[in-house]
Amino acid sequence: MDYEKKLSTAAQTIKPSGIRKFFDLANQMEGVISLGVGEPDFATPWKIREAAIYSIEKGRTFYTANRGLLELRQEISNYYYRRFGVHYDPENEIIVTVGGSEGIDIAVRALMNPGDEMIILDPGYVAYEPSVILSGGVPVRIHLEEKDEFKLTPEKLKAAITPKTKVMLINFPSNPTGGAMTREDYEKLVPIIKESGIIVISDEIYAELSYEEPFCTLASFPEIRDQIIVINGFSKAYAMTGWRLGYVLANPVFSKAMCKIHQYIIMSAPTGAQYGAIDGLRHCDKEVEEMRASYLSRRNFLVKTFNDMGLHTFNPMGAFYVFPCIRSTGLTSEEFCEELLNDQKVACVPGTAFGDAGEGFIRVSYAYSLEELKIATEKIKLFLDNLKNRSH
Ligand SMILES: Cc1ncc(COP(=O)(O)O)c(C=O)c1O
């Protein structure tokens, strides 16, 4: 039997992640230095681990409420108010999810009908387009450009909105560019969002990793607060990727609809992780700040090193990625990454893994120690020297 033909059209249409494809290649080689993964190199702060271990010792091993422990929702509510000035009601506006990933999925599913258009940003995080396709929706890409510091401009937003636009999914600070939006940048978008009535899913997973300007959430503009669904989680800021914990903030109508989906596909997020996260939000500001400071010094090192070696690199405002432009080498993003891997055993991700607008760029993660970054960049320099010699 041809089992391929048994698959749904959506399952056939979505492609495996371009990041994974590349790392399968790298995994087949020995001694590869990877700058590819978007995962903190820090262990989860001890206070969080201790609280989770204690909860297990106490036998708190049952499902929680669908929306998550009320105590955790209260802490999330306090956190968003304390850090970003927006209030969410723990009872009706917060759902604790299995990572930001589940949050994106339930938000898209709660809003999209087949044929609806959803605006996504290109380059953008690899999971967005598949989530639109799985909902039967039509992805509409806005190409972000380095000349705009990879920000979303009002002109581009206006041009992308059609009568079929239902949702826009944004992510600032951005994976993969590190671009971020300031309050002033958002002020120009707010009237367009309000007037068009589109719903914005705002993936704020890198909010704590903002370097130049304080993080601003679109939800902090009262006139559109209820048009925004905020996605956030513990993976990046609290170095908790493996715990699978995130949350979604939204008006009570959206939250109730998403909770129905969450209830059936998940039931409740992992209980031990929820207990750990309560202590994270209560007691780990210092640890979060220390990790942020460390990422910042790595960013500064990488931006300078890449520019010094002749690869023009935008100074990212947040997250833990740099996005060097490799056009000067005459190679495509994919060729560059493949040849770098074969020549020096250093793995980066082609910009095209994040959409067509990523052509001409590579994504380099700095969720690695400075020592590793130094070794890897020396090898990249050698690769560039070899390339130059080759073309002479
Ligand atoms: C932009 C963005 N959103 C969401 C996620 C998913 O994170 P989580 O571990 O919370 O599911 C990631 C992970 O890399 C990401 O980069």
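The values are calculated or read from the model by the stated rules, or taken from the named source; none is laboratory data. These figures come from a predicted structure and were not determined experimentally. Every residue, glycine among them, receives a Cβ derived from its backbone with ideal geometry; neighbour counts consider all protein chains shown.
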Within segment 1-57, track down each residue that is acidic (Asp, Glu), farther than 30 Å from Glu208 by Cα and in a helix (DSSP H, G or I). Glu4, Asp24, Glu57
Restricting attention to segment 341-369, which residues are in a helix (DSSP H, G or I), touching a helix residue (DSSP H, G or I) at 6+ places or on another chain (Cβ under 9 Å), over 17 Å from Glu39 (Cβ atoms) and not hydroxyl-bearing (Ser, Thr, Tyr)? Leu341, Asp343, Gln344, Gly351, Ala357, Gly358
Which of the residues spanning segment 226-272 are within 11 Å of the ligand (Cβ to nearest atom) and either assigned to a helix (DSSP H, G or I) or over 22 Å from the mean Cα position of the chain (by Cα) (or both)? Thr241, Gly242, Trp243
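For every residue, the table says whether it meets (1) assigned by TED's automatic domain parsing to the domain that holds Leu296; (2) buried (at least 18 other Cβ atoms within 10 Å of the Cβ).
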{"site": "Arg327", "(1), (2)": "yes, no"}
{"site": "Ser333", "(1), (2)": "yes, yes"}
{"site": "Glu338", "(1), (2)": "yes, no"}
{"site": "Val346", "(1), (2)": "yes, yes"}
{"site": "Val349", "(1), (2)": "yes, yes"}
{"site": "Ser365", "(1), (2)": "yes, yes"}
{"site": "Leu370", "(1), (2)": "yes, no"}
{"site": "Ala376", "(1), (2)": "yes, yes"}
{"site": "Ser391", "(1), (2)": "no, no"}
Of all residues making up segment 81-134, the number that are away from the ligand (no atom under 13 Å from the Cβ), in a strand (DSSP E or B) and over 19 Å from Ile278 (Cα atoms): 4
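Residue by residue, here is whether (1) modelled with pLDDT under 95; (2) of a type in the set (Val, Ile, Thr); (3) touching a Lys or Arg at 6+ places or on another chain (Cβ under 9 Å) holds:
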position: Ala319; (1), (2), (3): no, no, yes
position: Leu331; (1), (2), (3): no, no, no
position: Glu338; (1), (2), (3): yes, no, no
position: Gly360; (1), (2), (3): no, no, yes
position: Val364; (1), (2), (3): no, yes, no
position: Leu382; (1), (2), (3): no, no, no
In the list Lys147, Lys58, which residue meets the criterion of being more than 16 Å from the ligand (Cβ to nearest atom) and either closer than 23 Å to Tyr238 by Cβ or outside the structural domain of Gly280 (by TED's automatic domain parsing) (or both)? Lys58
Output the residues belonging to segment 78-110 that are surrounded by fewer than 21 Cβ atoms within 10 Å (Cβ to Cβ) and either among the hydrophobic types (A, V, I, L, M, F, W, C) or not assigned by TED's automatic domain parsing to the domain that holds Glu149 (or both). Phe84, Val86
Condition check: within 16 Å of the ligand (Cβ to nearest atom), within 30 Å of Ile14 (Cβ to Cβ) and β-branched (Val, Ile, Thr). Does Val349 satisfy that? yes
Condition first: touching a residue at least 60 places away in the same chain (Cβ under 8 Å), buried (at least 17 other Cβ atoms within 10 Å of the Cβ) and either in a strand (DSSP E or B) or at negative phi (or both). Now tell me which residues in segment 137-166 satisfy that. Arg141, Leu144
